[in-house]
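Quick note: the coordinates plus some simple rules give every number you see, no bench work behind them. Bear in mind the structure is a predicted one, so any value in this text is a computation, not a measurement. Note that we place each Cβ from the backbone using ideal geometry, even for glycine, and neighbour counts take in every protein chain shown.
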Amino acid sequence: MLAESWDLSSDFKQIKLNLRKGVTFHTGREFTSDDVKWNMERIKDPKSGAVQLQTMVNWWSSIETPDKNTIILKSDVPRPAVFDMLEYMNIADKVTMEGPDAATKAVGTGPFTFGEWVQGDHQRYVKNKNYWQSGKPYVDELYFQVVKDPQAGVVQFESGAVDVLLNPTIRDLARLKADSKYNAVINAFTGQHYVMFFNVTMPPFDKKEVRQAFCYAVDRKRYVDSVLQGVEEVRSLPWPKHSPAYDAAKNGHYSLDLEKAKSLLAAAGSPSIDSQINYSTSDYELSQLAQIIQADFGKLGVKMSNNGVDTATLQDMSNKVNYKGLILRFSGYAGTDPVTLLTTSSYWRVGTNGSGFKSEKHEQLVKAVSSEPDPAKRKQVLAELNDFLLDEAFVTATASQTTSAVTKASVTGVVHTMHEAVSWTEASLG
């Protein structure tokens, strides 16, 4: 959005971005090509903690700024997912980030300026009166209330205390959508999906046969039909239908088959399994899936205890791979270029993922799909990659996940971006 135009080389090794003129940061400082370069170099620094973007930013062997309105990125190999990198990379103000207020203030070029952040309670943003899109945004302020209990959020919304409810439970979405007092805003191109992943660094999930057995023992259809109200679709792989990696046959690979699961456990030496199903207590749908899985695994003679924790604790368990058994979570990124999921998602990415899974072949396949610009050849690599993911089963999709918002009927202009966030630039109270 901060570029007026761009020139992409036919071999996908270089892109020249012609930046918008007259754009300023919230402090009033002019936005230039040096700011883009600084943000990219900051992401490259391991100390930044920007793990999800580092792989893509590290693609570029050269970052040139011939003038303040031009930036040129060069790579030694083709980078067909370049636009995903640009989509996910935000532009922060280097002066603020290098100053004493870096940990408490956020300064960018967007439609709203940072107002207030009270951790665990709320965030407030104020209209940027100098926004480069003249006349926008339409509302003066955004106030985000943090609600830990999903049902409490619904109560606040229906009482009229708030104008927008982000990502309600499927049950509430279906109910509120049918009410003329509200508008349902659903992202039709979302790459969100529910996942199940195993700690492969300790027995018994260090054996892929055990992981495969558990994948066959999950009743995905029951989960979709009962808990997800038939709104979602069953998945074994993360890809939505519009993705070049989507394969209808392979997507149904792990249908419920307890006999197959039993034979795989026998092939693994019938290991003694006493483990946990870990999930966030704020994720209603996944707490219900945990109960379904616990019952299904019981049919295999496997004892699994459900362990509901808060989201921060669960994410820490995933990041450190210090949990017992498996984790139920959700992931995004599958709706854009396949390489974005494989390098960005903390559950699917190569090298550092929530399972602790490492494989030279995995690295080779992701490297190949990251640098192959020819659609036909990419399709072949993606097919091989899908087979690899299904076979290793360190992580598996269980179902799609709708990204949604419900608004009062008077609220308009709330839309989703391609990277599953909500854009408030054109939001209006009507």
- Task: For an R0 of 25 angstrom, estimate the FRET efficiency from the Cβ-Cβ distance between Arg20 and Val77 and round to the nearest 0.05.
- Result: 0.30
- Note on the structure: quick shape note, the range 193-400: Cα extents on principal axes in Å, largest first -> 47, 38, 35
- Task: Grab the Cα-Cα distance for Phe388 and Ala161, subtract it from 0.36 nm times how many residues apart they are, and report the gain in nm with one decimal.
- Result: 76.8 nm
- Lys207: which aspartates and glutamates have alpha carbons under 14 Å from its alpha carbon, excluding same-chain residues fewer than 8 sequence positions away? Asp391, Glu392
- Task: In debye, nearest 20, what is the charge dipole magnitude of the range 148-300 about its Cα centre with +1 on Lys and Arg Cβ and -1 on Asp and Glu Cβ, if you could check?
- Result: 340 debye
- Using label points projected 7 Å from each Cα along Cα→Cβ, tell me how many nm separate Lys377 and Asp34, to one decimal. 4.0 nm
- Query: For the peptides 384-390, 3-9, 407-413, what is the packing order when you average, over each peptide's residues, the other Cβ atoms within 10 Å and list the highest mean first?
  - Reply: 384-390, 407-413, 3-9
- Under a 5 Å amide H to amide H cut-off, with H placed in plane at 1.01 Å, what residues pair with Ala399 once short-range neighbours are removed? Tyr194, Arg235
- Task: Name the residue, out of Lys47, Lys21, Lys74, whose mean-square fluctuation peaks in a Gaussian network model built on the chain with Cα pairs under 10 Å.
- Result: Lys47
- Using mean Cβ contacts within 10 Å as the protection proxy, how do 163-176, 333-346 order, highest first? 333-346, 163-176
- Take every Cα pair under 8 Å in the range 3-97 that's 6+ residues apart, average their separations, divide by the length, and report that relative contact order as a whole percent. 32 percent
- Ellipticity estimate at 222 nm from DSSP helix runs (n ≥ 4, -39,500 (n - 2.57)) divided over the chain, nearest 500: -8500 deg cm²/dmol
- Quick one: Cα centre-to-centre distance for the range 282-336 and the range 353-420, in angstrom? 19 Å
- Task: Grab the beta carbon distance between Met202 and Ser428, set R0 = 41 Å, and tell me the FRET efficiency rounded to 0.05.
- Result: 0.20
- Message: Which lysines, if any, have their Cα less than 20 Å from the Cα of Lys367, not counting same-chain residues under 8 positions apart?
- Response: Lys13, Lys44, Lys74, Lys358, Lys377, Lys379
- Sites Gln151 and Asp67 - FRET efficiency at Förster radius 56 Å, r taken between beta-carbons, to 0.05: 0.55
- Item | Farthest toward positive dipole pole in the chain [+1 Lys/Arg, -1 Asp/Glu at C-beta], among Ala266, Thr32, Ser226 | Ala266
- Correct option for semi-axes √(5λ) of the Cα gyration tensor in Å [calculated from the coordinates] among [x] 62, 22, 18; [y] 57, 27, 17; [z] 38, 29, 19: [z]
- Message: Need the full-extension length gain, Glu98 to Ser410, defined as separation in residues times 0.36 nm minus the C-alpha distance. One decimal, nm.
- Response: 108.2 nm
- Message: Applying a 10 Å radius around every beta-carbon, put 348-355, 133-140 in order of their mean neighbour count, most first.
- Response: 348-355, 133-140
- Using the membrane-span-like helix rule (whole DSSP H runs, Cα extent along the own axis of at least 30 Å, mean Kyte-Doolittle hydropathy at least -1.0), which helices of the chain qualify? none
- Message: Only four residue types carry charge here, +1 at the Cβ of Lys and Arg and -1 at the Cβ of Asp and Glu. Report the dipole size of the chain about the Cα centre in Debye, rounded to the nearest 20.
- Response: 280 debye
- What relative contact order, as a whole-number percentage, does the chain give when Cα pairs under 8 Å and 6 or more residues apart are counted? 20 percent
- Item | Test item: Cα-centred dipole of the range 3-97, Lys/Arg +1 and Asp/Glu -1 on Cβ, debye | 140 debye
